[in-house]
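**Student:** This structure is in structure tokens; I'll ask about it shortly.
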Amino acid sequence: MNTPLKNLGMLGAEYRHEKRPIIIDLSDPQRPVEIDYPSYHANCDAVARGLLARGLQKGQKIGLMASNSAWFIQIYYGAMRVGIVPVLINFQLTQDNIAWVISNSDVELVFCDESLLAKCPPAVDHLIIDSSEFQAFLDPGTLTPIVPAGDDVAFHVYTSGSTGKPKGAIISHRAHHFVAHTIARGREFCPSDRMIVAAPLYHMHAQNSMQCVLVGGSSVVLMKKFDARIYVEAITRYRVTVVSGVPTIYAMMLQQRDLLAGKDYAFVRLATMGGAPASDVLVDEVAAQFPGAKIVKIFGITETGSALFGPHPQGLPRPRHSIGFPIAGNELRLVEGENENFGVLEVKSPGMMNGYQKNPGENAKRFRNGWYYTGDVLRRDDIGWHYFVGRSDDMFVSGGNNIYPLEVELMLERHADIEQAVVVPIADDIKHTLPVSFIVRRKGSALTEAEIKQHALSNGPPYQHPRRVYFVDSLPLNTVGKIDRKVLEDQAKQLASETHQPESERQT
């Protein structure tokens, strides 16, 4: 059959007859399940045929509200084969927000885990994944996938909703066909690769990883959720060649020193880090643990895809903290900064979403004469390498100076006894806001607040140094493994009120 590869659901179809695993499902780590390429494609077709038999048509929506599993992936890609649009639902949202997402996206049928059924609105039809009813729903047989046209919708993915109702990004087959092939090619995915994925599949970080696996004809070692010890054991057992995660995941993995000790991880060829900048100390530790791995900082935006930055076209080495060089086909510019090399990133890209679902206000705010306003602050060096500075939403002003928390955090984390640092603002009568920090010390360290302040004053401008330091054993994470700044801002406010407002330091 001449496979219409531009249907996103058909990624990896050229490998469909190869009898080797595409998914190693560790939903139960003691009983791993391997799905080979022929079985995977047959299961996707059975899902697609089951949806058609149930009366759903091209353009209608199904919801996916479930933990990571092989069936999650097969439902997702199976639906797209016949133009039915899967909506990725973050099951860790509140019940009200889940109901809002389902209503906003016009979902007709929700596939969910039995444990999550209570969060599913009773008015919407549902199927419990891997139940007897689900097995009866599947309709094995041959399938002719649709050939998408123009901006036909492939899937919907929603933001976290941390600053209001979740926003639904409408993603086309065309956009993510470009994204998938561009990032898989840039990261050189191939059939011998095995990639471990522990991030939730309702988030684009995990979906981008899965797209690379499919395009490369590779295999994915899929965890139900992140567990540092199981993660390390899986890398060792399955000889994983590609590891990926936010810096927090790497930090937690490296804490499993008993499992890592004495192991040779020369087979790991690529370690990608995204979600937030990583400190020099963390990068050095990852490099020491995986001596054969290329360590790559990745940068992606749900609305514009992850195919914005990559390797230099002439092969120049990437600077350590750079997110990459602009990929051909994208138009990028930095606005609202002091010059053209610093500011908020605006994008025109083949990987751009169609828009936000039923949200004309946000569409008008973000789309400006064809450019998408990301809200991410970047800087560009003389060669053209780009560096992530922070979110414009996270930036705060102290005594007339703009403070980008991530810049301060990277500086703090250069201290050998600081494992993780987060900087947030607290209110101040004189300077409007002042920076304070939450610090996770390295195990066994007796690092003091005074030493941290002195490190900051010696390595950065005085206005950036944290006026208060709070030591914690761990940092709160949101549903996709990123540090939850809102929780820490609330904690800082509470701590400040308990110990009186910190005195402004007028000399800085």
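Quick note: the coordinates plus some simple rules give every number you see, no bench work behind them. Everything numeric here is computed off the predicted structure, so don't read it as measured data. Methodologically, a virtual Cβ is constructed for each residue, glycine included, from the backbone with ideal geometry; neighbour enumeration extends over all protein chains shown.
**Student:** Taking only Cα atoms, what is the 0 to 90° angle, nearest 10, from helix 449-459's long axis to the longest principal axis of the chain?
**Tutor:** The helix 449-459 is inclined about 90 degrees to the chain.
**Student:** Report the Cα centroid-to-centroid distance between the stretch 154-219 and the stretch 249-304 in angstrom, as an integer.
**Tutor:** 19 Å
**Student:** Right, something else. Please compute, over every Cα-Cα pair in the chain, the percentage with a separation greater than 44 angstrom. All intermediate terms of the calculation are to be shown ahead of the outcome.
**Tutor:** Details: 18991 of 128778 pairs.
Here the long-distance tail beyond 44 Å is 15 percent of all Cα pairs in the chain.
**Student:** Calculate, axis by axis, the spread of Cα positions in the stretch 396-498 along the three principal axes, and write the results as whole Å, longest axis first.
**Tutor:** Extents along the principal axes: 38, 34, 27 Å.
**Student:** Multiply the residue gap between Phe267 and Leu457 by 0.36 nm, knock off their C-alpha separation, and tell me the result in nm, one decimal place.
**Tutor:** Details: separation 190, 0.36 × 190 = 68.40 nm, distance 4.15 nm.
That works out to 64.3 nm of additional length.
**Student:** Sticking with this one: Roughly how many nanometres apart are two label points built 7 Å out from the Cα toward the Cβ at Asp151 and Asp106?
**Tutor:** Reported label-point gap for Asp151 and Asp106 is 1.5 nm.
**Student:** Related question: By how many degrees, 0 to 90 and rounded to 10, does the Cα axis of helix 228-238 deviate from the longest principal axis of the chain?
**Tutor:** That works out to roughly 50 degrees.
**Student:** Just want the ordering: Ile128, Ile196, from fewest to most Cβ atoms lying within 10 Å of their own Cβ.
**Tutor:** On the way: Ile128 18, Ile196 25.
Ascending Cβ contact count within 10 Å gives the list Ile128, Ile196.
**Student:** How long is the gain from Cys190 to Arg20 if the chain were fully straight, where each residue apart is worth 0.36 nm and the alpha carbon distance is subtracted?
**Tutor:** Details: separation 170, 0.36 × 170 = 61.20 nm, distance 1.32 nm.
Residue separation times 0.36 nm, minus the Cα-Cα distance, leaves 59.9 nm.
**Student:** To continue, here is another question. Please work out the FRET efficiency for the pair Arg379 and Lys348, using the Cβ-Cβ distance as r and a Förster radius of 22 Å; give the result to the nearest 0.05.
**Tutor:** On the way: r = 20 Å, r/R0 = 0.91.
In this case the efficiency is close to 0.65.
**Student:** Here's another thing I want to ask about it. Given a Förster distance of 22 Å, report the FRET efficiency between Asn478 and Ala287 from their Cβ-Cβ distance, rounded to the nearest 0.05.
**Tutor:** Numbers: r = 27 Å, r/R0 = 1.24.
Working from the Cβ atoms, E equals 0.20.
**Student:** Okay, next question. Listing Leu345, Leu201 from the residue with the fewest other Cβ atoms within 10 Å to the one with the most, what is the order? Working shown, then result.
**Tutor:** Numbers: Leu345 25, Leu201 21.
If I rank by nearby Cβ atoms, fewest first, I get Leu201, Leu345.
**Student:** Between Arg442 and Thr236, what length comes free when the chain is fully extended (0.36 nm per residue of separation minus the Cα-Cα distance, one decimal in nm)?
**Tutor:** Working: separation 206, 0.36 × 206 = 74.16 nm, distance 2.50 nm.
Fully extending the segment from Arg442 to Thr236 adds 71.7 nm.
**Student:** If you don't mind, there's one more thing I want to ask. For the cross-link pairs Lys297/Lys431; Lys119/Lys358; Lys119/Lys224, which exceed 25 Å when the distance is taken from alpha carbon to alpha carbon?
**Tutor:** In this structure, Lys297/Lys431 exceed 25 Å between Cα atoms.
**Student:** Next question, about the same structure. In terms of modelled amide H atoms, which long-range or inter-chain residues lie less than 5 Å from the amide H of Val87?
**Tutor:** Residues meeting the criterion, in which the H sits 1.01 Å from N, are Ile62, Gly63, Leu64, His156.
**Student:** Which of the peptides 73-82, 15-24 is most tightly packed, and how do the rest follow, judged by the mean count of other Cβ atoms within 10 Å per residue?
**Tutor:** So the order, starting with the most tightly packed, is 73-82, 15-24.
**Student:** Now, a different point. Is the C-alpha gyration tensor of the stretch 8-225 telling us rounded, prolate or oblate? Criteria: a/c under 1.5 is rounded; beyond that, a/b larger than b/c is prolate, otherwise oblate. Please report the intermediate quantities before stating the final value.
**Tutor:** Working: a/c = 1.31, a/b = 1.29, b/c = 1.01.
Note, shape of the stretch 8-225 comes out rounded.
**Student:** Got a sec? How would Tyr372, Tyr158 order by Cβ neighbour count within 10 Å, fewest to most?
**Tutor:** Details: Tyr372 19, Tyr158 26.
In increasing order of surrounding Cβ atoms, one gets Tyr372, Tyr158.
**Student:** Based on DSSP H runs of at least 4 residues, each adding -39500 (n - 2.57), what is the mean residue ellipticity at 222 nm of the chain after dividing by all its residues, to the nearest 500 deg cm²/dmol? Kindly include the intermediate steps, with their values, before the conclusion.
**Tutor:** Working: 14 runs with 145 residues, N = 508.
Per the formula, -8500 deg cm²/dmol.
**Student:** Report the FRET efficiency, 1/(1 + (r/R0)^6), for Tyr470 and Arg257, where r is their Cβ-Cβ distance and R0 is 25 Å, rounded to 0.05. Provide the component values of the computation, followed by the final result.
**Tutor:** Working: r = 26 Å, r/R0 = 1.05.
For Tyr470 and Arg257, the calculated efficiency is 0.45.
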